[in-house]
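Reading through the structure tokens given below for one structure.
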Amino acid sequence: MGKEPLKHQAYQIIKDNIVNCVYAPGTVINEERIRAEVSASRTPIRDALSRLEQEGLVKILPKKGVEISRITVHDINMVYEARNLLEPYVVKNYGNRIPPETYMHYYRLYSDYLNKKIPVYSYSDMDDSFHQLFIDACDNSYFINLYSTIGNQIRRTRILSGQTSTDRLHETIEEHIAVVEAALKNDWKEAASAMVHHLSRSKTVMFDYILKETEGSE
């Protein structure tokens, strides 16, 4: 395996561990542990960590290791400010590029879940794929790159905040169905409004988690 693929592999493994909260926010991890878990030498690990520091996911601490970036109320505010500006706009202006069959697929999937016809599936994967659907429909590379950046924080906060709970999963699916139903009617204003509501509910749950964590650490 060449150097470049090895660098990318190390980067992806470490990033996945951060985004999926295998490495919890605020944790300090030494380089030796990372090397052992990734099975890579010092050079690709350091290259990967340098790249992740530029993305704001870690802070390199000389002679100590790396600190996994914390998630603060300020972070949540910034993430949702960006999401509220981007996602409803993309739904309203690019949602019509998505085939009706795709919307029907999600409608059937969500309905089957609510009717308990299918087992619980991954909340994170389900939520990621639905939101990514609209981002992928647009042809604006700046939007796509922006969403890729904030997507890392979205997944981390979702996992940590307990949005994987059955109650929240149920609510999320119902909120997604509202977007899908409006899209199937070609009512893009309503679809965008439904997305605004969904993001508002999601932000509230994440805020509650961060505030509880902050109070608990005092």
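Once the mean of 1/r is taken over each pair of separate Cα atoms and inverted, segment 39-107 shows a Kirkwood hydrodynamic radius of 15.8 Å. Could you state the angle between the C-alpha long axis of helix 73-94 and the longest principal axis of the C-alpha atoms of the chain, as a value from 0 to 90 degrees rounded to the nearest 10? Once rounded, one gets 40 degrees.
With the whole protein complex present, V28 retains an accessible surface near 80 Å², based on a 1.4 Å probe.
Each Lys or Arg adds one and each Asp or Glu subtracts one; over the other residues with Cβ under 12 Å from the Cβ of E181, this totals -3.
In the full protein context, the chain carries 54 Å² of accessible surface per residue, based on a 1.4 Å probe and ignoring ligands, DNA and RNA.
Axis angle, to the nearest 10 degrees, between helix 141-160 and the longest C-alpha principal axis of the chain: 80 degrees. Remark: C-alpha extents of the chain on the principal axes read 58, 46, 34 Å, sorted largest to smallest.
Once label points are set 7 Å from the Cα along Cα→Cβ at both R201 and M104, what is their separation, rounded to one decimal in nm? About 2.6 nm, to one decimal. When the solvent-accessible area of the chain is split by element, carbon and sulfur atoms take up 51 percent of it, the probe being 1.4 Å.
Relative to the longest principal axis of the Cα atoms of the chain, helix 166-184 runs at roughly 50 degrees. With the cut-off at 31 Å, tell me which of the pairs K189/K212; K15/K63; K15/K185; K59/K189; K7/K92; K64/K212 have Cα atoms farther apart than that. Distance filter (> 31 Å) returns K189/K212; K15/K185; K59/K189; K7/K92.
The values are calculated or read from the model by the stated rules, or taken from the named source; none is laboratory data. Here the structure is a predicted model, which is why all the values come from computation and not from measurement. Glycine also receives a Cβ, built like all others from the backbone with ideal geometry; neighbour counts cover every protein chain displayed. Ligands, DNA and RNA are excluded from the accessible area calculation, which covers all protein heavy atoms including side chains. Shrake-Rupley method; radii C 1.70, N 1.55, O 1.52, S 1.80 Å.
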